[in-house]
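Just below is one structure, and these are the notes that go with it.
The values are calculated or read from the model by the stated rules, or taken from the named source; none is laboratory data. For clarity, every value in this text was computed on a predicted model and none was experimentally measured. Using ideal geometry, Cβ is built from the backbone for each residue, glycine included, and neighbour counts are taken over all protein chains shown. Each accessible area value is taken on the protein alone, full model and side chains, heavy atoms only, with ligands, DNA and RNA left out. Shrake-Rupley method; radii C 1.70, N 1.55, O 1.52, S 1.80 Å.
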Amino acid sequence: MTERTKITLDESEIPRQWYNVIPDLPSPPPPPLHPGTLQPVGPEDLAPLFPMELIRQEVATDSYIDIPADVLDVYRLWRPTPLYRAHRLEKALNTPARIYYKYEGVSPAGSHKPNTAVPQAFYNAAEGTKRLTTETGAGQWGSALAFACAQYGIDCEIWMVRASYDQKPYRRTMMETWGATVHASPSRATKSGADVLAAHPDSPGSLGIAISEAVEAAGGGAGGQGADTRYALGSVLNHVLMHQTVIGEEALKQFAAFGESTPDLIVGCTGGGSNFAGLFLPFLREKLAGRGNPVIRAVEPSACPSFTRGRYAYDFGDTAGFTPLLKMHTLGHDFIPDPVHAGGLRYHGMSPLLSHAYELGLFEAVAKPQQECFAAAVTFARSEGIVPAPEPSHALAAVIEEAKRCTESGEPKVILTALCGHGHFDMAAYERYLSGEMVDYELSQKRIDDALTRLPAV
């Protein structure tokens, strides 16, 4: 009998609840602080930016939050997503390892991001929000929020990091097709953007700058638009990571359907941390309960290595300092990463929840240069057929590295990764790699040290 290639669950098996890991952790993560008072922020501090239901989810102490029926109706457009056994990749690598990947590229936007964009748009619409502002790095999050806003009749305004705006013009067109307005960031549409351009006219932008512009436009900064406009964030915050746990909850069922008990290794790419968290947090719950013992590995770009070279400290989530102070692994809020093609991983900080879990020793982290990642992506594409986005190519590089170790040792490890999106809008990046024009950026310690000198005093 031929071995199964993929497991697809029925629509009836879409998770009905999101999983909140915080009650299961040995200790809770440190709270966000108000930058003026250095006291923990309260709901009233967040109300200008987020609807009250998302604020409640951000500080929830319940292990599970029910998914609204209206959100499940939209989820059915693409969920459940398939779990694949990478037979052809295993054969290409001549490895005894068994490699599985959870593929989120089947969503309308082509990535995992709609898992949180849809509930964020739903809760905003329910509370009367007429317009959402946001930032986007590679365009995956902007595409997802544009799609989600179209489902609920909300206007969407997006600041897209200039490096990606130039590299991925059809991402912008996709957002506009769903009705969004898209700016290159830094822009002259906000004071924070204009200030950056005045100092650095050729700035490639960063997620930190784009967040400043979107927060300002929502009313959290100098030129806000008013009470009917709010802000949406695609990663980093607790409620965003929680919405993504539908990935891991489905994967648990699919793993059992493949006849596997538990992975030996779980791998995911990390920028802000949401797709990685979505895959591994339900497995971490099982591990903390004694039902399995996987090694869990985060993979970040060596050009923006917040876990492996950043400092665990309170810092702003944005460049201009509009956000609360978050305790996270950070390279400094005004650190501008080199313009690597994995635009979604070019964020100076890391999710506070994941940063806390990393400090607790619940997972490990490694950094990879982009040429190694694109080599892995090409190997994957030529065997499995799917062209990965540059972001999950980082996870694939670590998967292939581990699979080759298994070839040498003969150990039949079970490896699970999140293929969080396809690379159909990233052909310019693949062209640079295939032509030999792609470069690996060397990040000096001096640049990191310099940015860390401007951390807020807490």
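Okay, here's what the table says:
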| read-out | value |
| --- | --- |
| So G278, is it in a helix (DSSP H, G or I), under 18 Å from the mean Cα position of the chain (by Cα) and of a type in the set (G, A, S) | yes |
| Of the criteria (1) closer than 29 Å to G321 by Cα; (2) assigned to a loop (DSSP other than H, G, I, E, B), which one W78 fails | (1) |
| Filtered residue count, the range 390-406, keeping only those that are over 13 Å from P369 (Cα atoms) and touching a Pro at 6+ places or on another chain (Cβ under 7 Å) | 1 |
| So I448, is it at pLDDT 95 or above, surrounded by 14 or more Cβ atoms within 10 Å (Cβ to Cβ) and part of a helix (DSSP H, G or I) | yes |
| Candidate set from the range 1-23 (those that are open to solvent by less than 50 Å² (accessible area, probe 1.4 Å) and farther than 19 Å from N238 by Cβ); member that is nearest to the chain's Cα centre (by Cα) | I14 |
| Test: residue in the range 24-44 that is touching a helix residue (DSSP H, G or I) at 6+ places or on another chain (Cβ under 6 Å), buried (at least 17 other Cβ atoms within 10 Å of the Cβ) and either modelled with pLDDT under 95 or under 20 Å from L396 (Cβ atoms) (or both) | no |
| Residue that is nearest to the chain's Cα centre (by Cα) [pool: residues in the range 418-458 that are among the β-branched types (V, I, T) and within 16 Å of P301 (Cα to Cα)] | I448 |
| Test: residue in the range 325-336 that is surrounded by fewer than 24 Cβ atoms within 10 Å (Cβ to Cβ), β-branched (V, I, T) and touching a strand residue (DSSP E or B) at 6+ places or on another chain (Cβ under 6 Å) | no |
| Within the range 154-209, considering residues that are charged (D, E, K, R) and over 22 Å from C304 (Cα atoms), the one surrounded by the fewest Cβ atoms within 10 Å (Cβ to Cβ) | R188 |
| Qualifying residue in the range 118-136 (condition: within 30 Å of T417 (Cα to Cα), within 23 Å of the chain's Cα centre (by Cα) and in a loop (DSSP other than H, G, I, E, B)) | no |
| Checklist (1) among the small types (G, A, S); (2) at positive phi; (3) open to solvent by 20 Å² or more (accessible area, probe 1.4 Å) applied to G344, failing item | (2) |
| Odd one out for G290 among (1) open to solvent by 20 Å² or more (accessible area, probe 1.4 Å); (2) in contact with a Pro (Cβ under 9 Å, 6 or more places away or on another chain) | (2) |
| Identity of the residue in the range 310-324, among the hydrophobic types (A, V, I, L, M, F, W, C) and at pLDDT below 95, that ends up least open to solvent (accessible area, probe 1.4 Å) | F316 |
| P305 touching a Cys at 6+ places or on another chain (Cβ under 6 Å) and more than 17 Å from N238 (Cα to Cα) | no |
| Criterion (polar (S, T, N, Q), in contact (Cβ under 8 Å) with a residue 24 or more places away in the chain and in contact with a helix residue (DSSP H, G or I) (Cβ under 6 Å, 6 or more places away or on another chain)) met by exactly one of T308, T319 | T319 |
| Subset tally (residues that are part of a helix (DSSP H, G or I), open to solvent by 20 Å² or more (accessible area, probe 1.4 Å) and in contact (Cβ under 8 Å) with a residue 60 or more places away in the chain) for the range 353-371 | 2 |
| Residue tally, condition touching a His at 6+ places or on another chain (Cβ under 9 Å) and either modelled with pLDDT of 95 or more or surrounded by fewer than 24 Cβ atoms within 10 Å (Cβ to Cβ) (or both), over the range 118-153 | 4 |
| Residue match in the range 46-60 (condition: assigned to a loop (DSSP other than H, G, I, E, B), in contact with a Lys or Arg (Cβ under 7 Å, 6 or more places away or on another chain) and either closer than 15 Å to H243 by Cβ or among the charged types (D, E, K, R) (or both)) | yes |
